[in-house]
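S.K.: One structure is given below, represented as C-alpha cells, and several questions about it will come after.
What follows draws every value from the coordinates through simple rules; no lab data is involved. Remember, predicted model here, so these are calculated numbers, not experimental data. Positions of Cβ are generated from backbone atoms using ideal geometry, with glycine treated the same way; all protein chains shown enter the neighbour counts.
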Amino acid sequence: MASNIEKCLGEIGITLPRPGSPAGNYVPFVIVHDLVFMAGQVAREAGKMKYTGKVGREISIEDAQAAARLCALNLLAQLKVACGGDLDRVDRCVRLGGFVNSPPDFFDHPKVINGASDLMVQVLGERGQHARTAVGVAALPLDSAVEVEAIFQLKP
Amino acid sequence: MASNIEKCLGEIGITLPRPGSPAGNYVPFVIVHDLVFMAGQVAREAGKMKYTGKVGREISIEDAQAAARLCALNLLAQLKVACGGDLDRVDRCVRLGGFVNSPPDFFDHPKVINGASDLMVQVLGERGQHARTAVGVAALPLDSAVEVEAIFQLKP
Amino acid sequence: MASNIEKCLGEIGITLPRPGSPAGNYVPFVIVHDLVFMAGQVAREAGKMKYTGKVGREISIEDAQAAARLCALNLLAQLKVACGGDLDRVDRCVRLGGFVNSPPDFFDHPKVINGASDLMVQVLGERGQHARTAVGVAALPLDSAVEVEAIFQLKP
C-alpha cells in the first residue's frame, strides 16, 4: 500500500531518485530521537552532476531553481530511507539550509532556494513549511550550482 | 504587565522592530519541542535593506557590526512571536550562525558578528551566551552586509 | 582511570590540544538536553593560526586536510570539557559543518573536510559516523584554511 505522500508524489509526476552515495567519509543522515539531521545534497542525478556553475553567470536562475529542486528530491530520497521506506512517518520539514554557488554580485539567493522550498510544500503541504537560511558561497563540491541541507522531524 | 526582558529592552533604549515577511517560500521559525529553529535574518529595517555591500570594502566594520545587531533585533522580533508575545519564555540562546558578505581578503568576521552576539548577551544576560559559527560568504540575499540565523531554547 | 576514547587517542598518537578561547562574545558549546551544539573551530594551535589561505592556491589540499583534522581536534578538546572530562560520555557525532576557504574555482571540498570526518571515525568508531555539509566560502576568520562546527549527542 503506497503511502499518502508517495501517492501525492505520483500525482504531481515525481519519481524519487535512487539515494546516492555520500561524497566523503560521512553518512546521508543521523537520527536523534525524532529529528533527522540530513547531510547536504548537491544537484546530482543518477551519480552525475546535472547543474553546475556560478548562478547568474554560467547557469540561469531558472536552471538554478531546478538544481535546488533536484537537491530537495535527493533529500527526500534519503529521508525515505531514514523513515524505513514510509514517508508518511515525516511530521515536519523543520529547516533547510541553502547554499548557492554565487558570484560576488548575485543577490537572488531566495528565489533560487525556493526551488527546494516549493517542492517541500508541494509534497508535504503545511508540514513542508520550514525555517530557512539562504546564502551565496564562493564554490560548491563538484561545482554544483546549489547545495541544500535539512532537518526533519518524524512522527512519534 | 511587561516581561522582564521587555523592561530590559526598554532600559537600554531598544524597541523591537515589527517582524518582517520571509523573502521566500518559508516561515520565520519552526518550534520543535522546546527548540526554536529560526530562519536567517538580513539587515532589513521596516521592509527596506539598511546595510548592504562587501564588508571592509563597500561598508565599514562598524556599520557591519550595526548590521549584525539589526539582524539580531529581527531575530528577537520573530522570537517574540514564537513565544506568543512573552520573551520571558526564552530559556537560552543556543546557537548563532553568522554570515558576513565578505571580500576574499577580509578576515575580521568574529568582530562583525559580535554585533549580534553582544546584543543577545545584553538582552538575555547569561542566557544569551551561545555557541557560534562566523564565516565570510561570497554574497548575501539583497546584498545584505550580514545574515544571522539562530536556535533558541524555550522554558519548559 | 583513562577513558576508552582517551586510550584510543593515545594508541593513535593523538594528544588533545588545550581548549582555546573563543574569538568573540560566544561560548565554545551549549548543551541542550543530550545534544552539544559546538561553536566553529578554526585551524589554530596553541593560540596561533597554523593553516591559512585559499585552498588549492595558497595552501595545498593535503595541508588543508591537516587543517580540517586540527579543527576536529579542537572540537574534541572542547567536547571533553562539555563531557566533564570524560569523552566516553559521547554517544554520537551527529553532524559536522565544514567551511573551506575557497577560491571560486576550487571544487574538492569533500576531500578537504574528510580530514575532520576521518578523525571522528578514527576516534569514535561507528559512533563517529555523522551527517555533513561541506561548502566553499569566500573567507574565514583569521584567514583560516578551514572551519568546522559540530553537533554531538551524549549518552543518557
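S.K.: Rounded, prolate or oblate: which fits chain B when a ≥ b ≥ c are the square roots of the eigenvalues of the alpha-carbon gyration tensor, with rounded for a/c under 1.5 and prolate only if a/b beats b/c?
M.R.: Details: a/c = 1.71, a/b = 1.61, b/c = 1.06.
Note, shape of chain B comes out prolate.
S.K.: Between B:Asp91 and the same site in the other copies, what are the distances in nm, shortest first, taking label points 7 Å from Cα along the C-beta direction?
M.R.: Here B:Asp91 shows inter-copy label distances of 1.6, 1.6 nm.
S.K.: Here is a further query. How would you classify the stretch B:1-89 from its alpha-carbon gyration tensor, with a ≥ b ≥ c the square roots of the eigenvalues: rounded for a/c under 1.5, else prolate if a/b is greater than b/c, otherwise oblate?
M.R.: Details: a/c = 2.32, a/b = 1.39, b/c = 1.67.
Verdict is oblate for the stretch B:1-89.
S.K.: Between C:Phe107, C:Phe29, C:Phe37, find the one with the highest GNM mean-square fluctuation for chain C; connect C-alpha pairs within less than 10 Å.
M.R.: C:Phe107
S.K.: Skipping prolines and chain starts, which residues have an amide H placed within reach, meaning under 5 Å, of the one on A:Glu45, given they are 5 or more residues away or on another chain?
M.R.: Answer set, sorted by chain and number: A:Lys50.
S.K.: To continue, here is another question. Using a cut-off of 12 Å between alpha-carbon atoms, which aspartates and glutamates can reach C:Lys155, once sequence neighbours fewer than 8 places away in the same chain are excluded?
M.R.: C:Asp34, C:Asp86, C:Asp88, C:Asp91
S.K.: Sum -39500 (n - 2.57) across every DSSP H segment of at least 4 residues in chain A, then divide by the residue count to get the 222 nm mean residue ellipticity, nearest 500.
M.R.: Working: 3 runs with 46 residues, N = 156.
Rounded to the nearest 500, the figure is -9500 deg cm²/dmol.
S.K.: Next question. Treating the beta-carbon of each Lys and Arg as +1 and of each Asp and Glu as -1, no other charges, what is the dipole magnitude of the protein assembly as shown about its Cα centre, to the nearest 20 debye? The partial results should precede the final answer.
M.R.: On the way: 48 positive and 51 negative charges, 72 e Å.
With only Lys, Arg, Asp and Glu charged at Cβ, the dipole is about 340 debye.
S.K.: Karplus couplings for the stretch B:53-62 from phi (6.51 cos²θ - 1.76 cosθ + 1.60, θ = phi - 60°), rounded to Hz, Gly and Pro as x?
M.R.: Going residue by residue, I get x, 6, 6, x, 10, 9, 9, 6, 4, 4 Hz, with x marking Gly and Pro.
S.K.: Sticking with this one: For chain B, take the longest principal axis of its alpha carbons; what is the angle in degrees between that and the long axis of helix B:109-124, to the nearest 10 within 0 to 90?
M.R.: 20
S.K.: On to the next question. Under 17 Å Cα to Cα from C:Lys7, which lysines show up? Leave out anything in the same chain fewer than 8 places away.
M.R.: Excluding near neighbours in sequence, the set is C:Lys80.
S.K.: Still on this structure: Could you pull the copy-to-copy label distances for B:Arg18, with points set 7 Å along Cα to Cβ, in nm to one decimal and sorted shortest first?
M.R.: When each copy's label point is compared with this one, the spacings are 5.4, 5.4 nm.
S.K.: Under 21 Å Cα-Cα from A:Lys50, which lysines qualify once same-chain neighbours fewer than 8 residues away are excluded?
M.R.: Qualifying lysines at Cα under 21 Å: A:Lys111, C:Lys111.
S.K.: Nearest-to-axis residue of chain B, judged by Cβ, for the B-to-C rotation, with distance in whole Å?
M.R.: B:Ala138, 3
S.K.: Tell me, what is the FRET efficiency for A:Lys7 and A:Asp34 to the nearest 0.05, using R0 = 30 angstrom and their Cβ-Cβ distance as r? List each step's numbers first, then the result.
M.R.: Working: r = 24 Å, r/R0 = 0.79.
So, using R0 = 30 Å, E works out to roughly 0.80.
S.K.: Now for a different question. Find how many whole Å separate the alpha carbon centroid of the stretch A:10-54 from the alpha carbon centroid of the stretch C:71-134.
M.R.: 20
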